[in-house]
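The values are calculated or read from the model by the stated rules, or taken from the named source; none is laboratory data. All values reported here derive from a predicted model rather than from experimental measurement. Cβ atoms come from the backbone with ideal geometry, glycine included; neighbour counts cover every protein chain shown. Please note that ligands, DNA and RNA were not included when accessible areas were found on the heavy atoms of the full protein model with its side chains. Shrake-Rupley method; radii C 1.70, N 1.55, O 1.52, S 1.80 Å.
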Protein chains: 2
Amino acid sequence: MNDFNKLDAADMAFFQQLCGEKRAVPGATVNDDYCHDELAGIHRRPEILLQPATTDEVAAIMRYASAHRLPVTPRGQGTGLVGGAVPLYGGILLDLSGMNRILELDEANLTLTVESGVLLMDVIKFVEEKGLFYPPDPGEKSATIGGNINTNAGGMRAVKYGVTRDYVRGLEVVLADGRVIELGGKVVKTSSGYSLKDLLVGSEGTLGVVTKVILRLLPLPRRKLSLLVPFPTLDQAIDTVPQIVKSRTIPTAVEFMQREVILAAEQFLGRKFPDKSADAYLLLTFDGNSREEIEQSYHEVAEICLAAGAIDAFISNTEERNEAIWSARGAFLEAIKASTTELDECDVVVPRKNVGEFIRFTHQLQQKHGVRIRSFGHAGDGNLHVYVLRDQLAQADWEAKLTAVFAEMYAMARRLDGKVSGEHGIGYAKERYLSDSVGPDQLALMRGIKAVFDPAGILNPGKICAAESEV
Amino acid sequence: MNDFNKLDAADMAFFQQLCGEKRAVPGATVNDDYCHDELAGIHRRPEILLQPATTDEVAAIMRYASAHRLPVTPRGQGTGLVGGAVPLYGGILLDLSGMNRILELDEANLTLTVESGVLLMDVIKFVEEKGLFYPPDPGEKSATIGGNINTNAGGMRAVKYGVTRDYVRGLEVVLADGRVIELGGKVVKTSSGYSLKDLLVGSEGTLGVVTKVILRLLPLPRRKLSLLVPFPTLDQAIDTVPQIVKSRTIPTAVEFMQREVILAAEQFLGRKFPDKSADAYLLLTFDGNSREEIEQSYHEVAEICLAAGAIDAFISNTEERNEAIWSARGAFLEAIKASTTELDECDVVVPRKNVGEFIRFTHQLQQKHGVRIRSFGHAGDGNLHVYVLRDQLAQADWEAKLTAVFAEMYAMARRLDGKVSGEHGIGYAKERYLSDSVGPDQLALMRGIKAVFDPAGILNPGKICAAESEV
């Protein structure tokens, strides 16, 4: 399938004419940052970097690429963790981060219309200043909203509020051949044929290029607080979560963290975490409009935790304390990164009551394979971030151990009725695990759908469900 | 494409062997109820009615149907309003209402696993007895949950809680050729390839047969109340809704109703509505766990309504009063039906601030075309139910007027950025309007997807996006 053409001088001239020379950069002079995302070990140079400013330009690029069989890899801010924005086959790297206008706040429909290159942090800032709320809360706030949509990004507040998919009302999409379609809209519900919008969400740039987005907003909750609960052991902490779920109190977020990860974060940030008495912690948040309801919720949860062996339950409702806790939580990935030479990540999601079993299994793997494994994650929604650290391992040893550890982890996730990725996507790095997880029937359906949207296979080739020979 | 075979004696014998004679009924003796749904005017007899009891039986039926090119129309309780469960091409009518077991309540994951033939009312009863909540609230409680999933049924609580799609965590699906796949699961989030689950939701039995479902539950809110607000005119009532949305108070439901529909419901039910002083009403509900929050919400909303010209605002928090109001609301469709000889329905959804304009337009159409038009609906989510009534019109006149009125209504819905169906689906009756609404590019994508799942086109042929020649 992938008999792509290489860009020639005429192609270069076309694109430089279309976008202007500043926004059509030949591959040789492209900044190295554009050759990878946050996944280590995969690095490819595009033949050209294009930075379109309008949907019309994107459409013209796709029409041309389609007619000339040039591969196109859409990219937001390159903050992905699975190689999704790496131009595996060279060709065109389509940087959408310049399409970053906030177009319309519609208060009578509670929607925000933006171009897909707007940063998540800018969406948050814009709506919160107006007393509105965009609930999805992926850790990486400098990602583009288009990137969030393409990975169906999750974040901590999924427990109560769901994920990016739940807040996408409408999309403008440029198809592989340059046609522009509009999916969904400002309507609250629809039963009008197959939900192409939901198919595009999470499709990682393989079915179309998202250029415009209508987001659903909520009113900003008036009150929130955090609860930091130290436990003697990680097992006790994690096994308390299904009891919280059973209690029918719904926190906004339930994170788990281990002492060693907290210490790494302290070192990385150069500032103290408010409590280090324990081996493991649950960190919960609650939000709402009524003091009565929030108080009732956290009292109930605190009691469940204490009955389950928690050492204490600290309420954090001052700016200063929240900042100390959440800046540490926000720095976990960077701190783990800084503590080793290289790492790779497993982002599985399992049913919430199976989180404990999965984490215990990763501890066994650490012993068995002699590699350091660190984890933290969203205990409240079953989505774990497990990092395998290279430290001083030689290249061949590292690769062998990583392969062996990942094979066991993903097999265990399947046995526990889990999925390959909770929120980071499949990209290039997790294709083999997706294939094992969904099996040949679903893989064939996905490939069939890909062929319907992109018969020539030019859109982000080599991602999600590419034929195995290509990977 | 539709060169289906007719069932012969060998086919009959195979199915009677597979399901037993009681659950494999030859077309000639099939009860007339199975030849239609709640859409008037379309009536087709299947060649055989099959009532499978297990997924294995469904799989065996599909394998055989696929090998022998027999059309298969899945059916729940036949409560649909767009002909979705009518066996347009004869063949097999696959009645799933016998697969109605509740399989598992998982309290640690807040999920309920059921077979797809379970009735919505039985799901509601089962979970509410346990203090749990299945928020989607379509009016027709005797529909199957499989039918709800296939139409992505909505209901009144969409304003606050969303629709059926938002509560489907996992599906077991039998494909057109009899293979069985499992989509999603008990996990709270996933970014693991294209969301086939979301593609199946709302696909009206054209992509696969849903046999098992994992539903997401919430804790049952501890408090709720209704607010009935009379207005001097319908315009004032409806135009208040965008102001409520803007106020950032989120009611659970916001319905609008007109005096004439209320009177019809009174007559139909033989009981009194608590207030008839006004020409139009908004009926709102609020729910939650905290008295403080609910009180604050309805006070805010009541003040907005009074400032917008409402005559009064009646709080309804007694069983008796709620019953009087909601039994009337629940009887609207039946009451309108009983008031005429035949009717057809338009279920468009528009952005919330455009509801008033759409309803005013239907009033003009009533004058212009000389037909009675009645409406009620979900002002809070923009989904309207507009009924064109035949009354004493002769057949040809009725057909001509209905076609003309619908053409104008659906064109207006498009101009107002609306969609063909908010919650009833496309089925057979709304195909032409879907085609006009989404245009050729999206229609081609939908047809391509259909061909990926069902290359021979045997699954519910003639629905959603069939080639025009077939309709």
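General remarks:
- Ellipticity at 222 nm from helices only: DSSP H runs of n ≥ 4 in chain B, each -39500 (n - 2.57), divided by the residue count, give -11000 deg cm²/dmol.
- For the segment A:371-384, counting C-beta atoms of other chains within 10 Å of every residue's C-beta and taking the mean gives 1.
- Note on the range A:200-269 and the range A:360-402: Cα centroid distance 20 Å, given to the nearest whole angstrom.
- Within the range A:368-470: Cβ-based charge dipole about Cα centre, in debye rounded to nearest 20 (Lys, Arg +1; Asp, Glu -1): 220
- Rel. contact order, % - alpha carbon contacts under 8 angstrom, at least six apart, chain B: 16
- If you plug the beta carbon distance of A:Ala400 and A:Asn31 into 1/(1 + (r/R0)^6) with R0 = 35 Å, you get a FRET efficiency near 0.60.
- Listed residue (A:Gly457, A:Gly382, A:Leu282) projecting farthest to the positive dipole end of chain A, Cβ model: A:Gly382
- Residues whose amide H comes within less than 5 Å of that of B:Ala253, counting only those at least five positions distant or on another chain, are B:Thr285 (H built at 1.01 Å from N in the peptide plane).
- Of the peptides B:84-93, B:258-267, the order by per-residue mean of other Cβ atoms within 10 Å, starting with the highest, comes out as B:84-93, B:258-267.
- Summing both sides, the accessible surface hidden between A and B at a 1.4 Å probe radius is close to 7100 Å².
- If you plug the beta carbon distance of A:Leu18 and A:Lys125 into 1/(1 + (r/R0)^6) with R0 = 41 Å, you get a FRET efficiency near 0.80.
- Unit charges at the beta carbon, dipole of chain B: most positive-side option, B:Tyr167, B:Gln258, B:Gly270: B:Tyr167
- Average Cα contact separation per residue, the range B:223-333, under 8 Å, 6 or more apart, as relative contact order %: 46
- Surface share of carbon and sulfur [accessible, 1.4 angstrom probe, percent] for the protein assembly as shown: 49
- Relative contact order, percent, the range A:340-415 [alpha-carbon distance under 8 Å, six or more residues apart]: 42
- The magnitude of the dipole of the protein assembly as shown, with charges of +1 and -1 set on the Cβ of Lys/Arg and Asp/Glu and taken from the Cα centre, is near 80 debye.
- Between the C-alpha center of the range A:64-99 and that of the range A:1-23 there is a gap of 13 Å.
- Other copies of B:Asp391: label-to-label distances in nm, shortest first, labels 7 Å along the beta-carbon direction: 8.5
- Residue by residue along A:292-300, Cβ atoms of other protein chains within 10 Å of the local Cβ number 2 on average.
- The solvent-accessible area of A:Arg432, taken with every protein chain present and a 1.4 Å probe, is close to 140 Å².
- The lysines whose alpha-carbon is closer than 22 Å to the alpha-carbon of B:Lys189, local same-chain residues fewer than 8 away aside, are A:Lys141, A:Lys160, A:Lys189, A:Lys197, A:Lys246, A:Lys353, A:Lys419, A:Lys430, A:Lys463, B:Lys160, B:Lys197, B:Lys212.
- Gyration tensor verdict on the range A:223-333 (Cα atoms; rounded if a/c is under 1.5, prolate if a/b is larger than b/c, oblate otherwise): oblate
- For A:Trp326, solvent-accessible area (1.4 Å; no DNA, RNA or ligand), Å²: 60
- Heavy-atom accessible area, probed at 1.4 angstrom with all protein chains present, ranks A:Val118, A:Val25 as A:Val25, A:Val118, highest first.
- The range A:9-96: C-alpha gyration tensor shape, a/c 1.5 cut-off, then a/b vs b/c: prolate
- Note on B:Asp32: accessible area is roughly 70 Å² with a 1.4 Å probe, heavy atoms of protein only.
- Position B:Pro440, label points 7 Å along Cα→Cβ, spacing to each other copy in nm (shortest first, one decimal): 3.9
- Accessible surface for the protein assembly as shown, divided over its residues, is 35 Å² per residue with a 1.4 Å probe.
- Computed about its Cα centre, the charge dipole of chain A is approximately 500 debye, with only Lys, Arg, Asp and Glu carrying charge at their Cβ.
- Among B:Met257, A:Met12, B:Met412, the order of accessible area from largest down is A:Met12, B:Met412, B:Met257, computed with a 1.4 Å probe on protein heavy atoms.
- Considering only beta bridges that DSSP places wholly inside the protein assembly as shown, some 85 percent are antiparallel.
- Convex hull of Cα atoms in chain A, direction-averaged projection (nm²): 22.4
- What separates the A:Ala13 label point from its copies, with the point 7 Å along Cα to Cβ, is 7.4 nm, written shortest first.
- Residue by residue along B:342-352, Cβ atoms of other protein chains within 10 Å of the local Cβ number 3 on average.
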